[in-house]
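See structure below.
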Amino acid sequence: MKTLRTAVILMMLAFSLTSCDFFRSLVGKPTSAELEQMRMEVQKKAERERFVADSIKAAEEAARLAASQSSELPAVVEGDPRFHVIVGCFRIQDNANNLRQILTKDGYSPKKIVFKSGYDAVSLFQSDDLEQAMRALWNFKESPYCPEDIWIYDMKNKLHE
């Protein structure tokens, strides 16, 4: 009985003195040092991926900003014609630029009117003669991408900046 008690005490002592790493290495599992190393590698990989994603996002934002600045619509100035055929009003400048590109490709000379309300209008046609502006409006209504809410703005209303 004494030997059994001594054996149990020695076994308990052996288990308490050796760590779980000893037993994990016996069964082929990674030790705590190896687990920590794997955890560090995963963190470094995640940081690299985050850095690359942030770099790509920053580059795309810079490219978008440069494109929007270079494709600004010419703004209306004093002395421009009185009547403007408006084909779109946008709060987001990129939308106005997209419409401008379509209109320019079709041979129009669009201009931008900045309203005091914060909207930017895209003017398709400008004239001092209301009849000419009406003709341009009706001719443009025949195009496949004409919006339903095309309208004529009179500069004498002074709603623009």
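Given Cα pairs under 8 Å that are at least 6 residues apart, what percent is the relative contact order of the range 73-157?
The normalised contact order for the range 73-157 reaches 41 percent.
By average Cβ neighbour count within 10 Å, what is the ranking of 118-129, 25-36 from highest down? Don't skip to the answer; put the middle values down first.
On the way: 118-129: 18.8, 25-36: 10.8.
Listed from highest to lowest mean packing, they are 118-129, 25-36.
Which order do the peptides 42-52, 134-144, 106-116 take when ranked by the mean count of other beta-carbon atoms within 10 Å per residue, highest first? Write down the numbers at each step before the final one.
Details: 42-52: 10.0, 134-144: 13.3, 106-116: 15.5.
Listed from highest to lowest mean packing, they are 106-116, 134-144, 42-52.
Need one word for the range 81-161: rounded, prolate or oblate. Basis is the Cα gyration tensor (sqrt eigenvalues a ≥ b ≥ c); a/c below 1.5 gives rounded, then a/b vs b/c decides.
Working: a/c = 1.76, a/b = 1.04, b/c = 1.70.
Because a/c hits 1.5 or more and a/b fails to exceed b/c, the range 81-161 counts as oblate.
Work through the residues other than P81 whose Cβ is under 11 Å from its Cβ and net out their charges, Lys, Arg +1 and Asp, Glu -1.
Net charge in that neighbourhood comes out at -2.
Which FRET efficiency value, to the nearest 0.05, do you get for S32 and L10 by plugging their Cβ-Cβ distance into 1/(1 + (r/R0)^6) with R0 = 30 Å?
Numbers: r = 25 Å, r/R0 = 0.83.
Given R0 = 30 Å and the Cβ-Cβ separation, E is 0.75.
No lab work stands behind these numbers, since they all come straight from the coordinates. Since the structure is predicted, the reported quantities are computational estimates derived from the model, not experimental observations. Note that each Cβ is placed from the backbone with ideal geometry, even for glycine, and that neighbours are counted across all protein chains shown.
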